[in-house]
Amino acid sequence: MTMRLNNPYGKVAFYPGCSLDGLGKSYEVSLALVAKDLGLHYEKIEDYNCCGALEVKNVNTMAGLLLPARNLSLAREMGADAVMSACPGCHYSLSRTHYYMTKYPKLREKVNMYLEKMGEKGYDLQLLMIHAVEFIYNTAGPEGVKSLVKRPLNGLKVAPYYGCLYARPKQYILTGYMKIKDDPERPFFMDELLKAVGAEVVPFEAKTMCCGGPHVYSDLDVALNLEARILKEARRNGAEMLVVDCPLGGVALETNMNKIASRYGEDLRMPIVYFSQLLAFAFGHSPDEALLTANITNPMQILKRFM
């Protein structure tokens with residue numbers, strides 16, 4: 001069948017960021033599988049640099065704006081109309097820079113001056129910032145996803161964890177843009193995509209809580225406490241696995257599960273998968289193709305019942 005796609009974005013440039021080239025590689029690989037199956041097109045930004053993550057802005061304000069601005073400039077050089085990120089941290093950094101350059105003309109002039117000194121073109125503010133979940137939801141949509149399912153995940157109970165930066169801060173969403181953005185307080189786009197492959201989404205109020213990922217090395221107690229709260233609610237509401245859209249949150253939760261069990265005397269361990277891995281698996285891709293076999297928490301112990 002020929003899928004009818006909506007495209008509110010025009011030409012989409014993909015900014016993978018540092019994490020998808022490293023610990024989040026399974027996210028990038030499975031996202032590419034899903035996009036190809038759905039007939040969605042994006043072009044990877046070449047020669048991109050780190051977005052500055054979340055902390056550079058606290059050390060050097062200009063560097064915190066200039067690093068993302070260079071990536072936005074490169075996207076415009078490609079002729080892109082939108083930049084898609086899979087990492088909410090990267091999405092935040094790019095959106096923050098776009099917002100401040102739009103709101104403060106003098107700041108924009110200064111950032112563009114530095115870009116031009118680096119041999120890049122100034123950023124012209126003509127891009128939309130989108131997350132991978134929003135990209136799929138607003139193009140193929142749940143119906144498009146449902147039409148490609150070969151392995152219905154009926155009965156699989158999942159807790160969709162969006163993280164704190166997926167659709168926040170909401171002031172970064174400019175006028176006329178809100179209609180294609182998820183709800184910053186109660187996001188539901190990933191819920192609907194997971195339901196489309198047959199999964200049962202459990203009630204999950206912790207879906208936008210901070211996981212403490214940036215604090216794992218600076219304050220482990222804080223990070224473990226936040227992660228334990230997320231896992232406790234998912235477990236309490238019957239989830240068999242946590243589904244994430246954030247490489248920082250996914251890696252932090254996966255690698256700290258044993259520490260959480262030891263510290264709190266409660267075994268909260270459960271498989272953690274990227275939403276794109278679950279979609280790719282439901283579309284018929286093998287666990288190896290979707291890199292599900294590379295996940296630390298071994299989701300195949302549960303997913304093997306669908307094979």
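The values are calculated or read from the model by the stated rules, or taken from the named source; none is laboratory data. Keep in mind it's a predicted model, so treat the numbers as computed, not measured. Neighbour counts run over all protein chains shown; Cβ positions are idealised from the backbone, glycine included.
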**Message:** So if I check each of 272, 260, which one is more than 30 Å from residue 38 (Cβ to Cβ) and either surrounded by fewer than 20 Cβ atoms within 10 Å (Cβ to Cβ) or out of contact with any Cys (no Cβ under 6 Å at 6 or more places or on another chain) (or both)?
**Reply:** 260
**Members of the stretch 99-152 found to be in a loop (DSSP other than H, G, I, E, B) and among the β-branched types (Val, Ile, Thr), listed by number** = 149
**Filter pass, residue 219 being in contact (Cβ under 8 Å) with a residue 12 or more places away in the chain and either touching a His at 6+ places or on another chain (Cβ under 7 Å) or surrounded by fewer than 20 Cβ atoms within 10 Å (Cβ to Cβ) (or both)** = no
**Positions within the stretch 31-83 being among the small types (Gly, Ala, Ser) and closer than 24 Å to residue 181 by Cβ, in sequence order** = 32, 35, 39, 52, 53, 64, 69, 73, 75, 79, 80, 82
**Message:** Restricting to the stretch 263-301, give me the number of residues that are hydroxyl-bearing (Ser, Thr, Tyr) and in contact with a Lys or Arg (Cβ under 6 Å, 6 or more places away or on another chain).
**Reply:** 0
**Complete:** Of the residues in the stretch 1-41, those that are within 12 Å of residue 139 (Cα to Cα) and crowded, with 16+ Cβ neighbours inside 10 Å number 6
**Asked** From the list 137, 123, 162, which one is in contact with a Ser or Thr (Cβ under 7 Å, 6 or more places away or on another chain), under 22 Å from residue 85 (Cβ atoms), surrounded by 17 or more Cβ atoms within 10 Å (Cβ to Cβ) and not assigned by TED's automatic domain parsing to the domain that holds residue 189?
**Response** 123
**Message:** Against the condition in contact with a helix residue (DSSP H, G or I) (Cβ under 9 Å, 6 or more places away or on another chain) and at pLDDT 95 or above, how does residue 252 come out, does it pass?
**Reply:** no
**Prompt:** Hey, any hits in the stretch 118-138 for a residue that's farther than 28 Å from residue 30 by Cβ and without any contact (Cβ under 8 Å) to a residue 40 or more places away in the chain?
**Reply:** yes
**Message:** Please verify whether residue 149 is aliphatic (A, V, I, L, M) and surrounded by 22 or more Cβ atoms within 10 Å (Cβ to Cβ), treating the condition exactly as stated.
**Reply:** no
